[in-house]
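Data first, discussion second: the structure below is written as structure tokens.
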Amino acid sequence: MAVTISDVAKEAGVSTSTVSKVLNNWSSISPATCERVHEAIKKLHYTPNARAVSFAKGASHNILFLSSLKKEEAYRNPHMFDILCGVRRTLAEHGYTLMLTDFPDTAEPQEYLTGLIGKGLADGILIHGSCSFPQLSRLLTESRFPHIHIGHPGPGSRMCWIDTNNGLAGQFAAQHMLECGYEKVAFIGERRTDHISTQRLNGFLGGMYDYGYRVPDEYIRYTDSTREDACRQTHEVLSLPVPPRAFICENNTLALGVVKALHERQLQIPDEAAFLTFDSYPYSSIIDPAPTVIDIDVYDLGVQAAQMLLRKLENPTLLVQAYTTLPVLRQGLSTVPAF
């Protein structure tokens, strides 16, 4: 069994707090006590870990990552793991450990989070957008606990947050479609209440408007977030008196439905009907033909979130509210630029 700081304290006849202070070279500890502690360390062959060394500083060198971890979460939220990987690597490079914790199914989630903060398990917390709840902003700002919310928490929030600019991604999509010569473009989105889908739609509409094009209301389609409904909505919009020439799919799942409808209509892609989708995964590699993608590096988003939290730990008064990680166009076979 590994030797612990408690074993050293017992051998030296002091408290664990005193051992930590010796490890951190506190001047308030007498030379005799320091010598006893070092003799105990040598005798027991104790190797202090990061938490033991930082114990007396009131720091755990541990960061909480709060996210929803329900069954099949990887399918509902495929971006979360890449974000987590970016966070973990960045924190490890700075000597921090990461503790992943689930969001509870309770009527009072603020009590759970208050308990986590109060236990002193971590120096700060990263909160995935899937875990937002109405009292979150007030709880974090009033406790002054170092935090970064991954995802825009909504207008007027006093929380520290970073997010990808989904509105800009929508503008990129509009610009690419027009560069390809597609003026009649439909948008197949998630539910009306989906925040990311709404941001991308608004960016797309704004981008088209900037170039002098108005997207007809009937070209904007909301779904129940399934492949089947995306297929149905695509059939409906293709049945309009003036059907669109191209489609923007809010995510890969909806893109599968759009492609299914285009194949059922025997429309050649991209010669007769073109499309693009946001995000490179989880299904873009199996879509035929290979889709043009507006991609966002969510691993980099995790890196940025961790870096911002580390800055927050150094400067507790720092207010972080920023968009980061720009979208990138990855040309596929589902659109053809006009030049």
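Any residue at all in segment 307-316 that's open to solvent by 30 Å² or more (accessible area, probe 1.4 Å) and polar (S, T, N, Q)? Yes: one or more hits. Take the residues in segment 71-103 that are on the phi < 0 side of the Ramachandran plot, surrounded by fewer than 14 Cβ atoms within 10 Å (Cβ to Cβ) and not aliphatic (A, V, I, L, M); name whichever of them is modelled with the highest pLDDT. Among those residues, the one meeting the criterion is E93. Selection over segment 184-209 of residues that are at pLDDT 95 or above, open to solvent by 10 Å² or more (accessible area, probe 1.4 Å) and out of contact with any strand residue (DSSP E or B) (no Cβ under 9 Å at 6 or more places or on another chain) gives a count of 3. The requirement of being under 28 Å from V87 (Cβ atoms), in contact with a helix residue (DSSP H, G or I) (Cβ under 8 Å, 6 or more places away or on another chain) and buried (at least 17 other Cβ atoms within 10 Å of the Cβ) is fulfilled nowhere in segment 261-269; no residue meets it. Evaluate the following for G181: is it under 21 Å from S334 (Cα atoms) and not polar (S, T, N, Q)? Yes; evaluated as a whole, the condition is true for this residue. Could we say that R265 is touching a strand residue (DSSP E or B) at 6+ places or on another chain (Cβ under 8 Å), farther than 24 Å from Y75 by Cα and not hydrophobic (A, V, I, L, M, F, W, C) here? So R265 does not fit the description; no. The numbered conditions (1) open to solvent by 20 Å² or more (accessible area, probe 1.4 Å); (2) in contact with a strand residue (DSSP E or B) (Cβ under 7 Å, 6 or more places away or on another chain); (3) in a helix (DSSP H, G or I) are all true for S280 except (3).
Of all the numbered requirements in (1) open to solvent by 20 Å² or more (accessible area, probe 1.4 Å); (2) of a type outside the set (V, I, T); (3) outside any loop (DSSP other than H, G, I, E, B); (4) touching a residue at least 40 places away in the same chain (Cβ under 8 Å), H152 misses one, and that requirement is (3). Any idea which of A273, A338 is under 20 Å from V185 (Cα atoms), more than 20 Å from the chain's Cα centre (by Cα) and either open to solvent by less than 10 Å² (accessible area, probe 1.4 Å) or acidic (D, E) (or both)? Selected residue: A273, the only one of A273, A338 that is under 20 Å from V185 (Cα atoms), more than 20 Å from the chain's Cα centre (by Cα) and either open to solvent by less than 10 Å² (accessible area, probe 1.4 Å) or acidic (D, E) (or both). For segment 111-129, the count of residues that are at pLDDT below 80, out of contact with any helix residue (DSSP H, G or I) (no Cβ under 8 Å at 6 or more places or on another chain), among the hydrophobic types (A, V, I, L, M, F, W, C) and open to solvent by less than 20 Å² (accessible area, probe 1.4 Å) is at least one. Would you confirm whether or not segment 237-246 contains a residue that is open to solvent by 20 Å² or more (accessible area, probe 1.4 Å) and touching a Ser or Thr at 6+ places or on another chain (Cβ under 6 Å)? Taking every residue of segment 237-246 in turn, none turns out to be open to solvent by 20 Å² or more (accessible area, probe 1.4 Å) and touching a Ser or Thr at 6+ places or on another chain (Cβ under 6 Å).
The values are calculated or read from the model by the stated rules, or taken from the named source; none is laboratory data. As the structure is a prediction and not an experimental result, all values here were calculated from the model. When we count neighbours, we look across all protein chains shown, and the Cβ atoms used for this are built from the backbone with ideal geometry, even at glycine. We work out accessible area using only protein heavy atoms, side chains counted, and drop any ligands, DNA or RNA first. Shrake-Rupley method; radii C 1.70, N 1.55, O 1.52, S 1.80 Å.
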